[in-house]
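The values are calculated or read from the model by the stated rules, or taken from the named source; none is laboratory data. For clarity, every value in this text was computed on a predicted model and none was experimentally measured. Cβ placement follows ideal geometry from the backbone for every residue including glycine, while neighbour counts extend to all protein chains displayed.
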Amino acid sequence: MILKRFMMKVAGLPSCEQVNSFLALYMDDELAEEDRSAFERHLRRCKDCSAYFHQYRTTVELVQQEREYDIALPDELIEHTLEFLRSNATYAD
């Protein structure tokens, strides 16, 4: 890990910690061009950050898709579920 940090510093690239702190800004296209370029160069060289970024991006995309399918539950289902939970609840004394 120390060697990796040294190599990134020598190459003039941000550290892994800096890249992780820029993820949301990068996804929202809010990084300055110079920072965006350094971020992308870091990802090309660092397989750990690249893997983390792809997982982060996938998670964000899945959450956005889920928001598109906001379906209200029928009142009857909610009532039956609550009734079931109440009837099967155990209380500690």
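Of the conditions (1) farther than 16 Å from residue 13 by Cβ; (2) in contact with a Leu (Cβ under 6 Å, 6 or more places away or on another chain), residue 50 clears all except one; give me its number.
Exception for residue 50: condition (1).
From the list 72, 32, 89, 11, which one is among the small types (Gly, Ala, Ser) and at pLDDT 90 or above?
Result of the check over 72, 32, 89, 11: 32.
Among 53, 6, 39, which is modelled with pLDDT under 90, of a type outside the set (A, V, I, L, M) and in a helix (DSSP H, G or I)? So that I can check it myself, show each step before the final result.
On the way: 53 fails: modelled with pLDDT under 90; 39 fails: modelled with pLDDT under 90.
Only one candidate passes the filter, namely 6.
Pull up the range 44-74, narrow it to residues that are closer than 18 Å to residue 25 by Cβ and in contact (Cβ under 8 Å) with a residue 24 or more places away in the chain, then point me to the one that is surrounded by the most Cβ atoms within 10 Å (Cβ to Cβ).
It comes out as 49.
Which number in (1) modelled with pLDDT under 90; (2) surrounded by 10 or more Cβ atoms within 10 Å (Cβ to Cβ); (3) more than 23 Å from the chain's Cα centre (by Cα); (4) not aliphatic (A, V, I, L, M) marks the one condition that residue 79 misses?
Unmet for residue 79, out of (1) modelled with pLDDT under 90; (2) surrounded by 10 or more Cβ atoms within 10 Å (Cβ to Cβ); (3) more than 23 Å from the chain's Cα centre (by Cα); (4) not aliphatic (A, V, I, L, M): (1).
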